[in-house]
Amino acid sequence: MRRITHLFCLALALWSQGASADTLEQIQAKSAELLSHLRQQVGASGQLLRDAAGVLVFPDIVKVGFGVGDQYGEGVLLVDGKPEGYYSTAGAPFGLPLGVGFKSEVIVFVTKQSLHDFLGHRVFRVGMDGEVALITPESLAELSSGDIREEVLGFVLTDAGLMADLSLEGAKLTRLAR
């Protein structure tokens, strides 16, 4: 019964999201704003974003359901700073502490191979099809010194800043036909 309730809530949210979905221009503008905010919050991210093979940006991710619930958001894949495609994220637990009003995610494909591997999937399941190493406040020193060796990095930001205790595990990243 709980699974049916979750599926109903997800379907309702997706239906209502479609009725008020952002335009491509809005997604691009919000993504540019989020990347600017990330550069301000995490100074070491600037060089990483400039050198990346691709950057997948989800500026607005909303909670679907009750309690921990699921999530849904739409974003853009930027390659050389230009939109390459539009994607949705869904399925991972939202998992924010009480009082936090929004969540945004930035996934950085450090190498061309990691971007190529991602693009080879219509639906990319984090944890099954590939890993995303989450950058936390504790790992910022490694990022600043260039000691991080992972090929795909993720940032989760909220109105409280860079989050330390969240995961992208279980998220489904799906290419949209927009």
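The values are calculated or read from the model by the stated rules, or taken from the named source; none is laboratory data. What you see is a predicted model; the values in this text were computed from it and never measured. All Cβ positions, even for glycine, are placed from backbone atoms using ideal geometry, and neighbour counts span all protein chains on display.
Some notes on this structure:
- The set of residues from segment 50-63 being touching a Lys or Arg at 6+ places or on another chain (Cβ under 9 Å) and either on the phi > 0 side of the Ramachandran plot or at pLDDT 95 or above (or both) comprises Ala53, Gly54, Val57, Phe58, Pro59.
- Restricted to segment 133-158, and to residues there that are touching a helix residue (DSSP H, G or I) at 6+ places or on another chain (Cβ under 9 Å) and within 22 Å of Gly73 (Cβ to Cβ), the residue that is surrounded by the fewest Cβ atoms within 10 Å (Cβ to Cβ) is Ala133.
- For segment 46-65, taking the residues that are in contact (Cβ under 8 Å) with a residue 60 or more places away in the chain and under 15 Å from the mean Cα position of the chain (by Cα), the one that is farthest from Ser145 (Cα to Cα) is identified as Leu56.
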